Structure formats: C-alpha cells, structure tokens
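The values are calculated or read from the model by the stated rules, or taken from the named source; none is laboratory data. These numbers were taken from a predicted model, which means no experiment stands behind them. Methodologically, a virtual Cβ is constructed for each residue, glycine included, from the backbone with ideal geometry; neighbour enumeration extends over all protein chains shown. Ligands, DNA and RNA are stripped out before the accessible areas are found, and what is left, the full protein with its side chains, is counted by its heavy atoms. Shrake-Rupley method; radii C 1.70, N 1.55, O 1.52, S 1.80 Å.
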Amino acid sequence: MSRAALPEADVCLILEGSYPYVAGGVSTWTHDLIKAQAPMTFSIVALTSDDQEREMRYELPDNVVGVVNVPLRARADGPSGTLGAPRLIRELTDALISMRDDTAQAGFRRAVSLIADARGRLGTRLLMNSPAAWEMITAMYREDAPESSFLEYFWTWRALFGGLFATLLCDLPRARVYHTISTGYAGLVAARAAMETGRPAVLTEHGIYTNERRIEITMAEWLYDAADSWYQIETPRWDLRQLWMAAFQAYARVCYESCTAITTLYGGNQILQRADGAPPERMRIIPNGIDVAHYSALVRDSAPRRPTVALIGRVVPIKDIKTYIRAADVLRKTVPDVLCWIMGPADEDKEYAEECFELVRYLGLEETVVFLGRVKIAEYLGRVDVLALTSISEAQPLVILEAGAAGVPTVATDVGACREMIEGHPDEAPALGAGGEVVPLSSPNAAAAAMGRLLIDPDWWRQCSDGIRRRTERYYNKREIDRIYGDLYRDMMARPDGSKIDGKENDGGRARAGALAPVASTARR
C-alpha cells in the first residue's frame, strides 16, 4: 500500500516477523494493545522475510487504518544506474562503514539523508545488483573482514544490507507517534521515521532482539568460522559471526538513540539494553498485563479426570518442546495417568514439529502427550493443573499470567521474567509466596520433579495457586497497563514536530519537502 493510500494515524506500530501474520505472544499483545486504545487510530508496518502473500492470523480491529508490508528480501527493482549514482554509492558506503559503536546513529542518519534525497530515482537493483553496488561490497569487505572468505562475506552482506536498504526505501505511513516493538530492522524503520518526520519514536522490547540474534548466530550451522583462525597469532578483525553481531548491535544503538522513550517488561532486560547503548534516562519498565477479571472468573473442573499439565506455545525450537516431551516421559513414571497437552500452532517450523511428533512416537507417549494445535486457552484452563514452560528464551510470558489469574501454578525455566513472576520480586512486600517452581534449562528430570510435586501434593498446589493468583492481581492487571500506555501515547502525540532528545534536535525534525506532510494538530482526539 502506498503512503498516499493510508490516512494519518495516531500511532504507527512497526513489527518484524509477527503481527498480523504470525501468531504468538508479541502478536497477541499487539492485538490487545490496539483494541485497548480504541479511541486512537493505528497503522501497521509489517516487516516480513520476503514478498510472498501471507494470511492474516488476526482480524484487524476497526481502529487500524491500514497495513504496509515491507519484505526484507524482495526482488530487485528500480533502475540499475542513475545520474550521480557513483558518488551516491561512495557516500553511502562511507555512511554504512561508520555505523559502528558511538557513530552508528550518525552513519545511519547520513544514509537516511542520502536515500531521501534520491528517493524515486533508485531501488534495490542499483543498491544490490549494479557495478556501483559491487564497488560498495568490495570496499566494505576490505574494511570489515579481509581475512574471511569473500564468497561468505558477499552473501552475508546481501542479507544484512538488503534488509537495511528495505528499511530505507519502504513507504512510511504518516503518524503522530512511531512505536516499534523491537530493535533490529523494525527499529531502523522507527529511527528513520523519527529522523524524517520529527515525530517521536517509542520502543517496547519484550525480548531483547540483539540478545536473541546473538543466541541464533552462535548456534547457526550455516555460518562458518574463519578456517585458519586457530593457527593465527593475531585474531582477524572480524569473522562473519562478529560481523552479524556488530550489525545488529549497531541497529540497536541507532534505535535506542533515536527513540524518545524505551520501555521493556522487567529489570533484567534493562541491563542488556544499557549494555547495547540505551540512554538510561529514557528507559522505563511497563510489564505485561492480562484481563484478570476474565481469567479469575474461570471455573475449575472438579469432576474426576486425569492430572493435567499444559504447555501453551508454538511448536518451535526456542520453546524447547522436546524437553517438555522428555519431561512427560519421566513424569509418567510417578504420575502414570498424567495427561500432557501442547497448545499452540505447529506450522511455523514444520521440520521441528515433525521431530517432536516422532519423539512422542519413539517414546511411546501417544496416550500421554497430545498436540491440540491453536486453541482458546480459556476453554481449557479450568482443566489444567500445572502450566509448563520449557523455553530457552522468553521475556514475560503472558501465559503464566493468564494461568496465574485462574489459579494455575507454573513450572518454568529460568528465563526472562519467569522467576520474578513465579517467586516474586525481591522487594515484594508482603511476600506472596511461590506460584510454582523455576527449573534449569533443558532439564527434563528437574521439570518432571517440579510438575510431579504439584500434581501429587495438594497442599503445595494450593499454596502455589494462591501465590500466583494474588501476584497476578496485584502487579499485572491489564486495565492499569492500558492506562499507562494510553498516557504514554498522549504524551508523545502532544509533542510538537522536531521534538528534541537530550537538548539535541532530532535529525529531520521538520518534514522534508516532498516527504511526509507535517502533523497539523497535536490535540487529543
């Protein structure tokens, strides 16, 4: 959808690989946020991996004015050459090389300016598939990683900078506030929007994007370490893993320095944000919230039935479904009639899902482990005795809160805010007691022992049920969280164009001629 086709919205939400095309915690949070702020209007920039048509997994609320899709890997378009292209590419090369450490934002700002001045005269064909682009790649290779394989660098460069160019070239909807739900490429779109329009940008991080990419890159089998690095006295300046990480750290720094407000879900995330360059004075914590009244009203099924554990989540590696399946195998030795549900879509990583199905068959767990697919969890929580979460990375899982409001204790790995949610913050007063148990990562025996204790010991189950229910009511009520986000949006919308950050005028504080129209009114609707 072109920029002209979208009316100006109060808030433009910018998301990468999630809403409205992928179901999951962040997408559900986004959907609920839009509905909760119904007096305001929203547009959506959805960053996807490619330009294939996708089915929306959510019905867009009435206050969404439109969606702009931004494929990070799209077919090349635009001319292969244009007047002044060699000079433009040389200056763009210098800008991209300078996107490191303290100069990351200045380099990106320069790149935004160069692309904006040439908008309409260039596209990905010139930037990726032209003789000038070849000069850019070879110049950056000599600067970045001359000890690495050029072939590997070439494809790494295309992946990294193809996505960056997509953020620089895409249509931006007009909005009074730009709100990105991660750093990465979505964060670059928000930074560009702040620079070009002068309107405030806000960042909310559930998980820390850079940290999640760091885990993926470390585990990636498709990335090769420098072949002869073991035999060198001096370490090469960059290998390709470092190049990937340096790029995502630079993207995060650009986003942090361009956003007026930086929010996350809990204190542990702020440590990582500060390490990647987030200014502390702009940081604040806004936890997730859930509809406590709705979930606390769910009636528990007291009829005779099998003891039941549920894992609510997508069947993907980061949820470590295999550890849950192995825990079920251990658990049935002490609770023979246990029923272990897996509630969540299995079509996002079909290869991994098939491995999980095969593991169930191999262990003979067909009568114990049941894949339910995507369900309305409120229809099941009354029959769930223990919630299980075996993820290797999480932020602040909503399912713990939803189950908690319904009085269902959780056994979770020690990731994200799980410990704080289950055991309470260290300064919680009065202490509300445990709401379940925290276990190590990838430990089926520990998970099975904790689940078994809750299933076998009714006094322990009642203590944990009461603890998690009261903690959810006190700290994670969505009604209060909605008010906080509403106040944040109204504060940002009321700011004039070209709002200042730390006394420095945000670059592009005034809309460029021919770019976005300036915001005419700051009055609350």
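Before moving on, here are some points about what is shown:
- Qualifying residue in the range 366-388 (condition: closer than 18 Å to Ala406 by Cα, small (Gly, Ala, Ser), out of contact with any Cys (no Cβ under 6 Å at 6 or more places or on another chain) and not in a helix (DSSP H, G or I)): yes
- Selection within the range 472-485: residues that are assigned to a helix (DSSP H, G or I) and within 21 Å of the chain's Cα centre (by Cα). The member of this set that is farthest from Trp29 (Cα to Cα) is Ile484.
- Taking the listed residues Ala278, Ala247, the one that is over 27 Å from Ala405 (Cα atoms) and not in a loop (DSSP other than H, G, I, E, B) is Ala247, with no other qualifying.
- Gly436 modelled with pLDDT of 95 or more and in contact with a Lys or Arg (Cβ under 7 Å, 6 or more places away or on another chain): no
- Some residue of the range 301-321 being within 14 Å of Gly452 (Cβ to Cβ), among the acidic types (Asp, Glu) and at pLDDT 95 or above: no
- Residue in the range 355-394 that is nearest to Arg306 (Cα to Cα), counting only those that are free of Cβ contacts under 8 Å to residues at least 24 places away in the same chain and loosely packed, with under 15 Cβ neighbours inside 10 Å: Glu367
- Complete set of residues in the range 306-348 that are assigned to a loop (DSSP other than H, G, I, E, B) and open to solvent by less than 50 Å² (accessible area, probe 1.4 Å): Pro307, Gly313, Val315, Val316, Asp320, Val335, Val338, Gly344, Pro345, Ala346
- Note on the range 396-417: residues that are open to solvent by 10 Å² or more (accessible area, probe 1.4 Å) and over 18 Å from Met451 (Cβ atoms) total 3.
- Among residues of the range 41-65 that are closer than 23 Å to Leu160 by Cβ, those with a beta-carbon under 9 Å from a residue that is of a type in the set (Asp, Glu) and open to solvent by 30 Å² or more (accessible area, probe 1.4 Å) at least six positions away or on a different chain give the pairs Val45/Asp171; Ala46/Glu16; Leu47/Glu16; Thr48/Glu16.
- Screening the range 281-292 for residues that are modelled with pLDDT of 90 or more and closer than 28 Å to Leu455 by Cβ and picking the one that is most open to solvent (accessible area, probe 1.4 Å) gives Asp291.
- Within the range 127-159, considering residues that are outside any helix (DSSP H, G or I) and among the hydroxyl-bearing types (Ser, Thr, Tyr), the one most open to solvent (accessible area, probe 1.4 Å): Ser149
- Of the residues making up the range 476-491, those that are more than 15 Å from Lys35 (Cα to Cα) and surrounded by 14 or more Cβ atoms within 10 Å (Cβ to Cβ) number 5.
- Criterion: open to solvent by less than 10 Å² (accessible area, probe 1.4 Å), hydrophobic (A, V, I, L, M, F, W, C) and either on the phi < 0 side of the Ramachandran plot or not in a helix (DSSP H, G or I) (or both) - qualifying residue of Ala190, Ala166: Ala190
- Elements of type strands (runs of 3 or more DSSP E) contained in the range 1-116, each with 2 or more residues being open to solvent by 20 Å² or more (accessible area, probe 1.4 Å): 42-50, 64-73
- Residue in the range 419-436 that is open to solvent by less than 40 Å² (accessible area, probe 1.4 Å), among the β-branched types (Val, Ile, Thr), out of contact with any Pro (no Cβ under 7 Å at 6 or more places or on another chain) and in a helix (DSSP H, G or I) present: yes
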